[in-house]
Amino acid sequence: MGDTRAQLLDLSVDDAGAEARMHEVRKWFRDNGWSAPDPQVYDYRHSQEVSDGPGPRLMGQLDPRRPHFVFTFIPGLDVYFLGDSTGGPECRKCGEELDIDMVARMIQGWLDSGQEPELTCPRCSWHAPWGRWELSTSLVVASFAVIIDRDWHVPIGQDWRTAVDPYDLPRRFVEELQADLGGHWVFMYFHD
């Protein structure tokens, strides 16, 4: 079964602005009713980080028998990746996946310099910053993340018993965060 998380990453934030962004984003989740303070909840993978539990807008959508839902807000430069089957970024123009070994060697340079590398597709020559590629099953460097840990076998939706895709809500968060707070948000899976 393994551990599964949704990772919402703001690639526009640098390390110096990560703490301020964390407070802004956490306030957004609380103000919109998605999260609420709860000193009892934490994600064991990120137990030293700031976490919230589900807010009033989520409580009615959670399975009352298994209401586990944790938002963890992480400021600070780090590498985020899919986990046990991480692949390379995929070209948004033709779908070509870059070689994972090649891009993995580039990560340390990104961490050291803080400069996002440009990537070129070997098939169609599309050229763009790393963060503009399709990253949902890949890896990237970010200075701010919201990690969502919940029971992924129970989808969230209008009615938790009939909702289909458990990742619809995290994808919606990315769209709404982008629209309301700006930045460059991406959604990534994590599975270990």
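The values are calculated or read from the model by the stated rules, or taken from the named source; none is laboratory data. Not measured: the values here are computed from a predicted model. All Cβ positions, glycine included, derive from the backbone under ideal geometry; neighbour counts span all protein chains shown. Only protein heavy atoms, including side chains, enter the accessible area calculation; ligands, DNA and RNA are left aside. Shrake-Rupley method; radii C 1.70, N 1.55, O 1.52, S 1.80 Å.
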Open item on the list: Between 0 and 90 degrees, rounded to the nearest ten: what's the tilt of helix 168-181 against the longest Cα principal axis of the chain?
Closed with: 80
Task: Per-pair calculated FRET efficiency, R0 = 25 Å: D192 and K27 via Cβ, rounded to 0.05 - done: 0.25
Task: segment 41-109: radius of gyration and largest Cα-Cα distance (Dmax), Å - done: 17.5, 46
TODO: Could you state, as a whole-number percent, how many of the C-alpha pairs of segment 1-42 are farther apart than 15 Å?
DONE: 59
- [ ] Would you mind checking which residues have amide H under 5 Å from V50's amide H? H placed 1.01 Å from N; only 5 or more apart, or other chain.
- [x] F73
Open item on the list: I'd like the accessible area for M22, computed on protein heavy atoms only with a 1.4 Å probe and all protein chains in place. Round to 10 Å², please.
Closed with: 10
TODO: List every residue whose amide H lies under 5 Å from the amide H of L82, counting only residues 5 or more places away in sequence or on a different chain, with H placed 1.01 Å from N in the peptide plane.
DONE: G87, S138
Open item on the list: Just to verify a number: what accessible area does T120 come out at with the full protein assembly present, 1.4 Å probe, Å² rounded to tens?
Closed with: 70
Task: Spread of Cα-to-Cα distances over 5 Å intervals beginning at zero, given as percent, for segment 93-154 - done: 3, 14, 23, 24, 13, 11, 7, 4, 0
Open item on the list: In Å, what Kirkwood hydrodynamic radius results for segment 1-132 from the alpha-carbon pair distances?
Closed with: 17.3
TODO: Only Cα pairs under 8 Å and at least 6 apart count here; give the relative contact order of segment 1-96 as a rounded whole percent.
DONE: 26
